[in-house]
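Undergrad: I have a structure I would like to understand better, so I am pasting it below and will then ask my questions one at a time.
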2 protein chains.
Amino acid sequence: MMSKYYSDILKDLSPYTPGEQLNDKKYIKLNTNENPYPPSDKVITTIKEYSGGDLRLYPDPESLELRKVLASHHGVDIDNVFVSNGSDETLAFAFNAFYTGKKIAYPKVTYSFYPVYAKLYNCQVDELDMLDDYEIDKKALMEKKVGLVIANPNAPTGELLDKDYLLALLENNSNSLILIDEAYMDFSQEESMAKYIKEYKNLLVVRTFSKSYSLAGMRIGYAVGDKELIFGLNLVKNSFNSYPLDRLAQVAGIQAIKDQAYYDALNKEIISTREYTKKALEELGCKVLPSASNFLFVKFKDLASFKVYEDFKKEGILIRQFSYISDYVRITIGKKEDMEALIEVAKEILR
Amino acid sequence: MMSKYYSDILKDLSPYTPGEQLNDKKYIKLNTNENPYPPSDKVITTIKEYSGGDLRLYPDPESLELRKVLASHHGVDIDNVFVSNGSDETLAFAFNAFYTGKKIAYPKVTYSFYPVYAKLYNCQVDELDMLDDYEIDKKALMEKKVGLVIANPNAPTGELLDKDYLLALLENNSNSLILIDEAYMDFSQEESMAKYIKEYKNLLVVRTFSKSYSLAGMRIGYAVGDKELIFGLNLVKNSFNSYPLDRLAQVAGIQAIKDQAYYDALNKEIISTREYTKKALEELGCKVLPSASNFLFVKFKDLASFKVYEDFKKEGILIRQFSYISDYVRITIGKKEDMEALIEVAKEILR
């Protein structure tokens, strides 16, 4: 529908559709890459502690304490850190601040919010064709001299680009901003690229508390980059909403970083369950791409992805199917017992 | 500073500066229009109740329950309600969806975030000169045939435009969207204009939980309007961030509306304290504009507003001074004892 009150920008938008958020608890929910384990007890206790009369007051618009803790976590300065209402908001601000009206490039199969931002901010996008099995064409990417957006590990495939390749890319394309979205990085065995922001002024690393910190419900994301980039993000943020992070999100984020050991153990467990699941699905004849994330990208022989999705749903398991991908589905790594249930259903489906 | 990585949109931005958020509790904080009373006990209890393992899960991206409760509160349908991370986010989305690149008008002295949005979304703004004592020029406003943005009551003056005038404006300018920002409406004795959205397809009413629901710390705002307008807002929101309201904000908002009686009593108390303060300041020789909000706009005889601000700060009271207003200051209504303290300091300052 178009209304006479709309501005022209609404004409071409095609919004992002998140995975189903069914409140219905009867499903095993392996469709939106949530962490199967709860946040640490201390995070919960801290939120409760701050749930009081002070909620009448605005939060710190600068989120200073949270940024200080994040800066220390990544070994950078506080003015190298930007925080936002989930990493989607950071991504939106980054597209707006750095890519509006510009040429940019990213792999054709990647986080499907990127094309949405690109439309909203009028970017001209060069979508790079994938190689076989949805692999990123590293050679083609290296040749692009425009702004780049790279999910690393990539979503929904789980592919990890290694540090040396990314450093070469940053070196080779130093006049363009290279945004590396590390939403799933903590599920790899590699370190964040955030520590390279001092050497590479064209590097912006975007991260989230939604996956590895088990706080999707609190909406906390952040970026690490050169202070000029952070200044640019703040120009947009402060022209949009002074207080995107509420009081409880700020204290939850601070406590989560302090409880790093708890989350390291969770992530280790998820990695182990991922490898267990990969092996089991492969034994059933599925093709499973190598994954450095908390999900697997899986081809159930010659079954259409939509049918696989439907079959799992019928059996009480939600997985993610993308309309533009007909062969593979994405399966979030849950608890060991969730994956055992998934494997049992997979056996039925493949029979 | 400008960086080679910036897009052109950063060139002209001049971000909004919120009032000081000093964590220092030694100040009586009458500068950002926060409610001096805590949220209801049930709101606090509800937040604590939902602070648990489910924070690992994304919130409902559609905030269905909260929108249902708001729809019922205003006697409209659920598809007439849009919710966001504070009303600033609703305002940003509305400017983006309806006013991008268009001609719009608003009074010169009003909420100072409007010019910021107008720059971000490239609007051509006709700023209407104020009459004496910062009164809105109702006749000039009635003659404008472009999109209008009206804070009602107006900020920082507190002026209320009456229902009949606004209905005439909606009738008279039916081809333009008229955004009425009711951030402070609950402190007037008038009803929200939200109930007129069925008759006036060009009416968008924006409201917040930050002031009258005492939840500035939780970031909840919303809009009520024709479903085509809400659809347009969702197009932008879903091209920007799927989940701007976290799980705790959603349940806090729901419970606050259910506890309406508690908030009605608070608001009544604030109105009474406002009238007490107005009278006391007038007795000291101040000029105090009529206010239908939780703040007063006050002229301390011939003292410069910046000096008044500084003098109060020295005595431990934070009030709001605007760089572009040299005579009046804005004073938030706190508890009775806060205002008694303010009046004592006012006596000193005026001596």
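The values are calculated or read from the model by the stated rules, or taken from the named source; none is laboratory data. In this text the structure is predicted, and so the values were computed from the model without any measurement. Backbone-built Cβ (ideal geometry, glycine too); neighbour counts: all protein chains shown. When the accessible area is computed, the model is the full protein with side chains, heavy atoms only, and any ligands, DNA or RNA have been set aside. Shrake-Rupley method; radii C 1.70, N 1.55, O 1.52, S 1.80 Å.
Undergrad: Take B:LYS11 and A:ASP162, extend 7 Å from each Cα along the Cα→Cβ direction, and tell me the distance between the two endpoints in nm.
TA: Taking the simple label geometry, B:LYS11 and A:ASP162 are separated by 4.4 nm.
Undergrad: Also, quick follow-up: Once Rh for the range A:197-351 is found with the Kirkwood sum over Cα pairs, what is the Stokes-Einstein diffusion coefficient at 20 °C and 1.002 mPa s, in µm²/s? Intermediate results must be reported in sequence, preceding the final value.
TA: Working: Rh = 18.2 Å.
Value of D from the Cα-based Kirkwood radius: 118 µm²/s.
Undergrad: Please check the range A:40-74 for residues whose accessible area, probe 1.4 Å, is lower by 40 Å² or more when all protein chains are in place than in their chain alone.
TA: By number: A:ILE44, A:LYS48, A:SER51, A:LEU55, A:ARG56, A:LEU57, A:TYR58.
Undergrad: Most mobile of A:ARG330, A:ARG56, A:ARG219 per a Gaussian network model of chain A (Cα springs, under 10 Å)?
TA: So, out of A:ARG330, A:ARG56, A:ARG219, the one fluctuating most is A:ARG56.
Undergrad: Report Rg (one decimal) and Dmax (nearest whole number) for the range A:281-351, counting Cα atoms only, units Å.
TA: Final numbers for Rg and Dmax: 11.0, 30 Å.
Undergrad: Compute the convex hull volume of the Cα atoms of the range A:71-224, divide it by the residue count, and report the result per residue in Å³ as a whole number. Could you put the intermediate results ahead of the total?
TA: On the way: hull volume 16.6 nm³, N = 154.
So the per-residue hull volume is 108 Å³.
Undergrad: R0 = 30 Å: FRET efficiency of B:LYS4 with B:LYS103, Cβ-based, nearest 0.05?
TA: Values: r = 33 Å, r/R0 = 1.11.
Computed FRET efficiency for B:LYS4 and B:LYS103: 0.35.
Undergrad: Continuing with this model, one more query. How much accessible surface does A:THR110 have with a 1.4 Å probe, in Å² rounded to 10?
TA: It works out to around 10 Å².
Undergrad: What are the distances, in nm and sorted shortest first, from the label point of B:TYR27 to the label points of the same position in each other copy, with each label point placed 7 Å from Cα along the Cα-to-Cβ direction?
TA: Its label point is 4.7 nm from the equivalent points in the other copies.
Undergrad: At a 10 angstrom cut-off on C-beta neighbours, averaged per residue, how do the peptides B:140-149, B:79-88, A:243-252, A:29-38 rank from highest to lowest?
TA: Put in order of decreasing packing, that is A:243-252, B:79-88, A:29-38, B:140-149.
Undergrad: Which of the aspartates and glutamates could a cross-linker bridge to A:LYS144, judged by Cα under 16 Å and excluding same-chain residues fewer than eight apart?
TA: A:ASP126, A:GLU127, A:ASP129, A:GLU171
Undergrad: Within 10 Å of each Cβ in B:242-255, how many Cβ atoms from other chains are there, averaged over the peptide?
TA: Working: counts 10, 10, 7, 3, 13, 6, 11, 5, 1, 0, 4, 0, 0, 0.
Mean number of neighbouring Cβ atoms from other chains: 5.
Undergrad: Rounded to the nearest 500 deg cm²/dmol, what is the calculated helix-only ellipticity per residue at 222 nm for the protein assembly as shown, with -39500 (n - 2.57) per DSSP H run of length n ≥ 4?
TA: Working: 22 runs with 248 residues, N = 702.
Calculated from helices alone, the mean residue ellipticity at 222 nm is -11000 deg cm²/dmol.
Undergrad: What is the packing order of peptides B:266-274, B:232-240, taking the mean over residues of other C-beta atoms within 10 Å and listing the highest first? It would help to have the intermediate numbers written out before the result.
TA: Details: B:266-274: 18.7, B:232-240: 23.3.
Final packing ranking: B:232-240, B:266-274.
Undergrad: For peptide A:85-96, compute the average count of partner chain beta-carbon atoms within 10 Å of each residue's beta-carbon. Kindly include the intermediate steps, with their values, before the conclusion.
TA: Values: counts 9, 8, 1, 5, 6, 1, 2, 3, 2, 0, 2, 5.
Mean inter-chain Cβ contacts per residue within 10 Å come to 4.
Undergrad: How much accessible surface area, in Å² rounded to 10, belongs to the heavy atoms of A:HIS74 with a 1.4 Å probe?
TA: 30
Undergrad: Something else now. Considering only the label points, 7 Å along Cα→Cβ from Cα, what distances in nm to one decimal separate A:ASP162 from the same position in each other copy, shortest first?
TA: Relative to the other copies, A:ASP162 has label-point distances of 7.8 nm.
Undergrad: Using protein chains only (no ligands, no nucleic acids) and a 1.4 Å probe, work out which residues of the range A:4-20 have their accessible area cut by at least 20 Å² relative to the chain alone.
TA: A:LYS4, A:TYR5, A:TYR6, A:SER7, A:ILE9, A:LEU10, A:LEU13, A:PRO15, A:TYR16, A:PRO18
Undergrad: Does a label point 7 Å from the Cα of B:ASN175, set along Cα-to-beta-carbon, have any residues of the range A:1-15 with amide nitrogen under 16 Å, and which are they?
TA: It comes to A:3-7, nothing else.
Undergrad: Peptide B:116-124: average number of partner chain Cβ atoms within 10 Å per residue? Each step should come with its number before you reach the end.
TA: Values: counts 4, 2, 1, 1, 5, 3, 2, 1, 0.
Average per residue, whole number: 2.
Undergrad: Sticking with this structure for a sec: For the protein assembly as shown, how big is Rg over Rh, using alpha carbon atoms and the Kirkwood form of Rh? Could you put the intermediate results ahead of the total?
TA: Numbers: Rg = 26.1 Å, Rh = 26.5 Å.
Using only Cα positions, Rg/Rh for the protein assembly as shown is 0.99.
Undergrad: Extending each Cα 7 Å along its Cβ direction at A:GLU143 and B:ASP137, get the distance between those two points in nm, one decimal.
TA: So the label points at A:GLU143 and B:ASP137 sit 6.1 nm apart.
Undergrad: Let me have the relative contact order for the range B:193-344, percent, based on Cα pairs under 8 Å that are six or more residues apart.
TA: Values: 167 pairs, mean separation 23.1, N = 152.
Value for the range B:193-344: 15 percent.
Undergrad: Suppose R0 equals 45 Å; then what is the FRET efficiency for B:LYS258 and A:SER326 from their Cβ-Cβ distance, rounded to the nearest 0.05? Kindly include the intermediate steps, with their values, before the conclusion.
TA: On the way: r = 47 Å, r/R0 = 1.04.
In this case the efficiency is close to 0.45.
Undergrad: Is there a pair in A:LYS139/A:LYS278; B:LYS26/B:LYS307; A:LYS139/A:LYS227 whose C-alpha atoms are over 25 Å apart, and which pairs would that be?
TA: Working: A:LYS139/A:LYS278 28 Å; B:LYS26/B:LYS307 20 Å; A:LYS139/A:LYS227 30 Å.
Correct reply: A:LYS139/A:LYS278; A:LYS139/A:LYS227.
Undergrad: Now a separate question. Compute the semi-axes of the equivalent ellipsoid of chain A, taking the square root of 5 times each eigenvalue of the Cα gyration tensor, and list them largest first in whole Å.
TA: Details: eigenvalues 191, 133, 88 Å².
Gyration-tensor ellipsoid for chain A: 31, 26, 21 Å.
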